């Protein structure tokens, strides 16, 4: 009788209490839907861009399976172990006639596993006599050798370097409380963690150095079945093919994250009912909903990465008044665009892209309704369409990975788009034909100057992210930018910073030109879409032209790379006097020229207060 009574009580609560009903329905949906949504891994992602890339692997047999995984993706590998070479990265790169220098790798994978096993073995066998002072010295020698190897590589190769951590299933010789048994020594777990922390610090001290962390890669699957049990001696252990597959997937994901050609989401759009919460706002009211707090946390994290947040829901606009109480004012302040209406969602997404001045293919939407998802896929096929159950794995999805470092500029991107909304509201007050009056009202202040050392990472981010206002599409590396920055006699490197009465745009443009003997060649010309329509690009190009003319360069030229997205940049170059020698060229890459003369330099637009350094 007791069981029937409880069931009747739950049934009554389910029927009468909307919040409880939505909670139960939400749990059931997640249980059912969750089974068919697996974490995004390389099993579902394609890496066509990896074909014909080259990776140089320095290490022993612990890297053999990784070579096989990379070969399967079309990567050409050179593994020192296969050729009888040393397994010590420093010794290998110090060979000035070694194969590394002629191989010209796109990536390098370095492993000290064969050397670090000596330290692990001593802890396991001689824990009491292998005291901390000696251990610390050995650790520093390992890190110093890596540091020297990286420095030697960087003299000739700027490709990304991956450092492989030590694979080991934890079997302490002194028992699970080993750290208490070794008061004067680092225990096994302390030694390994100290080594890994030093590796992470080393990576932060060099450009384009990354960690391939075994423990992190195996966190989800665990080590069972991933470490070869027959050869596991507590000192030197091998990954099985399964383990190598898991860690190899992590390597492929990291390669994906640093590849400029991979699709990046600039704006993540969220449905409301059934996505941010269980229940329907219009029917259940705010008190009947169960908000999915994990989703709100993920939204905060996406905003931290510089991804713009938006909402798009089939609801009455008046329902916006409930959002502060449902999702919190802090998150609501980070949501730049809010579309609550009954229009097709594909239409709303096009409006969002237009308002943010970004491509439709840089939008992603999370929606629980399969009918809505199908409508978007039909009428806005460029958008990345995902279900609400994909939100949980979105932080590991390649499209949501930030490219390069997350800079303060990226973190403040939300505020800048909110300021842009205020500008757009003012712009609507001005009728066609008086746009210049609007620009004058904005009180624009444009600064054009060489970058500071701390601004190079933002320039790198700008170049990688920008498609519409990017002339060369070269995607210059961080190392090349550092070289240009350090050689002002050889390169003219200028950035553009803009602010107005509404706020600070920040660093929104970069132009780099190589000072050749008979002309200057523009090798990077990229601007944020926030600059569009204000003639910032024209002002920067005219400033560069004036600087080149003063240096008696007769011509500026740029190898313009045509894409489906950057036609506006071509028009801007034409407006300031660039033209091809062959007007009929159909090539994707066109060389454009501008003759220089101090007497014919154009004036800066009247709406700018210009500061030149």
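As a check on your grasp of the helix formula, calculate [θ] at 222 nm for the chain: sum -39500 (n - 2.57) over DSSP H runs of n ≥ 4, divide by the residue count, round to the nearest 500. The partial results should precede the final answer.
Details: 24 runs with 246 residues, N = 613.
-12000 deg cm²/dmol, from helical runs alone.
Our summary gives the chain a relative contact order of 10 percent, counting only alpha carbon pairs under 8 angstrom and 6 or more residues apart. Computed over the range 50-257, the Cα gyration tensor eigenvalues convert (square root of 5λ each) into semi-axes of 29, 20, 14 Å, ordered from largest to smallest.
Using only the Cα atoms of the range 553-613, build the gyration tensor, take square roots of its eigenvalues as a ≥ b ≥ c, and label the shape rounded, prolate or oblate: rounded if a/c is under 1.5, else prolate if a/b is larger than b/c, else oblate. Because a/c hits 1.5 or more and a/b fails to exceed b/c, the range 553-613 counts as oblate. In plain terms, the bigger the Kirkwood radius, the slower the diffusion; for the range 197-260, with that radius from Cα pairs, at 25 °C and 0.890 mPa s, Stokes-Einstein puts D at 187 µm²/s.
Averaging 1/r across all pairs of distinct Cα atoms in the range 494-550 and inverting the result yields a Kirkwood radius of 12.2 Å. Using the average count of surrounding beta-carbon atoms within 10 Å as a protection proxy, the listed peptides 299-307, 169-177 rank, highest first, as 299-307, 169-177.
I need the shape label for the range 252-294. Rule: rounded when a/c is under 1.5, else prolate if a/b > b/c, else oblate, with a, b, c from the alpha carbon gyration tensor. In terms of gyration-tensor shape, prolate. Placing a pseudo-label 7 Å from each Cα along the Cα-to-Cβ vector at residue 241 and residue 371 gives an inter-label distance of 4.8 nm.
Kindly rank 552-564, 239-251, 132-144 from highest to lowest mean number of other beta carbons found within 10 Å of each residue.
Per-residue mean Cβ counts within 10 Å order the peptides as 239-251, 552-564, 132-144.
Residues of the range 497-513 with an amide N closer than 18 Å to a point placed 7 Å from the Cα of residue 422 along the Cα-to-Cβ direction: 498-507. Dimensions of the range 409-612 based on its C-alpha atoms, expressed as ranges along the principal axes with the largest first, amount to 48, 38, 34 Å. Modelled this way, with points 7 Å down the Cα-to-C-beta line, the labels at residue 487 and residue 406 are 3.5 nm from one another. Take the Cα of residue 593, go 7 Å toward its beta carbon, and the backbone nitrogen atoms of the range 544-558 under 13 Å from that spot belong to 554-558. Please list, by residue number, everything in the range 110-131 whose backbone N is under 15 Å from a paramagnetic label point 7 Å out along Cα→Cβ of residue 145. Within reach of a label on residue 145, which here means backbone N under 15 Å from a point 7 Å along Cα→Cβ, the range 110-131 contributes 110-122. Cα centroids of the range 198-265 and the range 555-599: how far apart, whole angstrom? Here the answer is 45 Å between Cα centres. Judged by the gyration tensor of its Cα atoms, with axes a ≥ b ≥ c, the chain is oblate; a/c meets the 1.5 cut and b/c is at least as large as a/b.
Estimate the FRET efficiency between residue 282 and residue 565 by the formula 1/(1 + (r/R0)^6), using the beta-carbon distance for r and 30 Å for R0, to the nearest 0.05.
It comes to 0.20.
Once the Cα-Cα distance is subtracted from the 0.36 nm per residue extended length, the residue 68 to residue 329 segment shows a gain of 88.9 nm.
Just so you know, all these numbers are worked out from the coordinates, no wet-lab data involved. Here the structure is a predicted model, which means the values were calculated and not measured. Counting neighbours? That spans all protein chains shown, and the Cβs are built from the backbone with ideal geometry, glycine included.
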